[in-house]
Amino acid sequence: MANLEVAIGSLTLKNPVMLASGTSGSGEELHGLLQLDRVGAVVTKTVTLEPREGHPPPRTVETASGMVNAIGLANMGADAFIAEKLPPLVATGATVIASVAGFAEEEWGELAAKMDAAEGVSAVELNLSCPNTGEEKLIAQDPAQITAAVSKARAATSKPVIAKLTPNVTDIAGPAVAAADAGADAVTVANTLQALVVDWRRKKSRLGAPQGGFSGPAVKPHILYLVNRAAAGVNIPVIASGGIMTVEDVCEYLCVGASAVQIGTATFVDPSAAMKILDKLEPLLVSLGAEKLADYVGSYA
Ligand SMILES: Cc1cc2nc3c(=O)[nH]c(=O)nc-3n(C[C@H](O)[C@H](O)[C@H](O)COP(=O)(O)O)c2cc1C
């Protein structure tokens, strides 16, 4: 038996396979298809301080080996999430990581404080792939803004804080180091790649918004590169997110330095994908001679 436990700050996850934010809601649609208490953690859909309508439909478009989405952070707001969505999810026995996004510096502290007080939330993931109010640049594209957001959240909670970075940067090492130095317990690499899907006859976006975020199998080689580079630059765990469809994909990420992984688009293809991956991971690690997950993490030469 290989030990699959992984530590994210003070939190120990039973295994490294999580559900990625925004791809499984609060788990309510997965009942009967997936045992939420078996995955390492469920990262819930990003919530903001105020409810948001998000972008008009269509919100997703399928592309070659992937999908492009423009949800626009549609959500019910942090308070309604805590009151309505969180209790049934916690009741399933799932380890819950709450994803939040702020649009001004103080909001990161306010949101982290709400999740600190929320029973059943084990850690907070900061979705830094949103712009500060009035700016075009994403917070995760600017190390100074990453420092500000992570510091505010860090000061507002004793629960582990995970900084989710954007792949839309020249070098991921800068943002990863900024997050680690500001007190993040882990970084997630990465959110979706900026993308267009074009209806060339109508000369318009095929989405309800001018641009979207690209995810799925096609992004994996690029995110593997970013995970490897981030892992070389920081001493905190790197959580990989990008194009994982199979247990072999998970092994590729662990090998290049990821301590844990998140399953996103794969859940849309097969709602039980994370469980199928999890079932195969332990025997596969044993066959590779690993007694514990950490023996294999970062073994890439
Ligand atoms: C429809 C959809 C909605 C998403 N919503 C969120 C979100 O609310 N917050 C977030 O941090 N990431 C969000 N993501 C990004 C995923 O969590 C994940 O990081 C990304 O899709 C890459 O992984 P994948 O290729 O396995 O899907 C979303 C992705 C998709 C496809």
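Every number in this text was worked out from the coordinates using simple rules, so none of it is lab data. Quick caveat, the model's predicted, so the values are computed rather than measured. Ideal geometry is used to build each Cβ from the backbone, glycine not excepted, and the neighbour counts take in all protein chains shown.
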**Prompt:** Scattering from the C-alpha atoms of the chain alone, worked out with Debye: what is log10 I(q)/I(0) at q = 0.08, 0.11, 0.14 1/Å?
**Reply:** -0.30, -0.59, -1.00
**Request:** Would you calculate the volume per residue, in Å³, of the smallest convex hull containing every Cα atom of the stretch 50-169?
**Result:** 132
**Complete:** Which of Ser21, Ser129, Ser287 fluctuates most in a GNM of the chain (C-alpha springs under 10 Å)? That residue is Ser287
**trypsin sites (Lys or Arg not before Pro) restricted to the stretch 118-178 and DSSP loop, no more than 16 other C-beta within 10 Å** = Lys137
**Extension gain (nm, one decimal) between Ala80 and Gln35, 0.36 nm per residue minus Cα-Cα** = 13.8 nm
**Request:** State the extension gain, in nm to one decimal, for the chain segment bounded by Thr12 and Lys203, taking 0.36 nm per residue of separation less the distance between their alpha-carbons.
**Result:** 63.8 nm
**Prompt:** For the chain, modelled as a GNM with alpha-carbon contacts under 10 angstrom, which of Ala230, Ala190, Ala118 fluctuates the most?
**Reply:** Ala118
**Prompt:** Which parts of the stretch 73-90 would a label at Glu53 reach, counting a residue when its backbone N lies under 16 Å from a point 7 Å out along Cα-to-Cβ?
**Reply:** 73-77
**Message:** Just to check, using Stokes-Einstein with a Kirkwood Rh over alpha carbon pairs, what's the diffusion coefficient of the stretch 121-181 at 20 °C and 1.002 mPa s in µm²/s?
**Reply:** 183
**Asked** What full-extension length gain, to one decimal in nm, is calculated for Ser272 and Thr63 as 0.36 nm per residue of separation minus the Cα-Cα distance?
**Response** 73.0 nm
**Item:** Selection of GluC sites (Glu not before Pro), the stretch 47-116, meeting DSSP coil and at most 12 other Cβ within 10 Å
**Value:** Glu53
**Message:** Which of the three applies to the stretch 168-301, rounded, prolate or oblate, going by the alpha-carbon gyration tensor with a ≥ b ≥ c and a/c under 1.5 meaning rounded?
**Reply:** oblate
**Asked** Tell me, what is the percent relative contact order of the stretch 203-301, built from C-alpha pairs under 8 Å that lie six or more residues apart?
**Response** 25
